[in-house]
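The values are calculated or read from the model by the stated rules, or taken from the named source; none is laboratory data. The structure presented is a predicted model; accordingly, all values stated were derived computationally and were not measured. Here Cβ is always computed from backbone atoms with ideal geometry, including for glycine, and neighbour counts include all displayed protein chains.
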């Protein structure tokens with residue numbers, strides 16, 4: 001009886017299908033390129049990496065054939081609006097990457113698209129941007145006590161503590177945060193109180209340094225407020241006690 005050698009050939013599909021938006025995934029990641037987990041909170045002004053990974057309708061990673069040319073986008077909606085167009089990845093992943101930076105603190109809804117169509121997964125869908133560290137030069141000062149005072153009468157002004165982007169720190173202020181003030185030149189200044197308060201009668205979310213002082217001499221003064229140990233001039237302003245009662 002004749003014998004036959006049978007050669008079995010197994011074909012393997014080496015090429016994925018076309019990228020499909022409804023099968024693809026976008027992650028918002030820390031700037032550190034080794035990070036793989038999506039962020040849910042970030043500090044104002046921080047760089048976040050938006051990485052769009054492309055898949056075909058069968059769930060295969062798109063990593064072969066022509067590089068897609070349609071646009072990938074990510075959008076944030078909340079205290080402000082941020083829209084970023086993503087660029088083709090240069091790491092050979094056939095995906096898209098981009099930097100997302102949000103300066104305004106608040107809560108944001110995150111969405112993304114590929115070729116104008118929504119994706120299978122976006123993570124996170126909600127992003128919280130926290131204020132950054134307190135910055136004296138970006139903080140704001142106000143109050144009637146900036147413009148004058150009567151001799152022997154207490155007057156005051158307030159400083160809203162803000163980060164480099166103008167976000168009020170409010171509840172984000174560290175428990176160890178300190179605020180102090182002085183009026184210069186002066187003889188017997190600040191014979192009242194200088195303290196930090198949550199300003200609950202104004203805004204529970206707004207951190208305010210309240211400065212109370214008593215003037216005894218008619219002269220111009222400059223208000224200087226310090227955060228921590230370093231004295232920094234927040235606002236140089238001539239202050240006159242125009243209505244001194246002697």
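Of the strands (runs of 3 or more DSSP E) lying entirely inside region 33-89, those containing at least 2 residues that are closer than 18 Å to residue 112 by Cβ and over 15 Å from the mean Cα position of the chain (by Cα) are 47-53, 72-77, 81-88. Being over 17 Å from residue 26 (Cα atoms) and touching a strand residue (DSSP E or B) at 6+ places or on another chain (Cβ under 6 Å) is the filter; apply it to region 68-81 and report the residue that is modelled with the lowest pLDDT. Result: 79. Determine whether residue 62 is crowded, with 19+ Cβ neighbours inside 10 Å, out of contact with any helix residue (DSSP H, G or I) (no Cβ under 7 Å at 6 or more places or on another chain) and assigned by TED's automatic domain parsing to the domain that holds residue 95. Yes; evaluated as a whole, the condition is true for this residue. Out of the residues in region 96-142 that are without any contact (Cβ under 8 Å) to a residue 40 or more places away in the chain and over 19 Å from residue 227 (Cα atoms), which is surrounded by the most Cβ atoms within 10 Å (Cβ to Cβ)? Checked region 96-142; the qualifying residue surrounded by the most Cβ atoms within 10 Å (Cβ to Cβ) is 108.
Checked against (1) modelled with pLDDT under 90; (2) part of a loop (DSSP other than H, G, I, E, B), residue 137 meets all criteria but (2).
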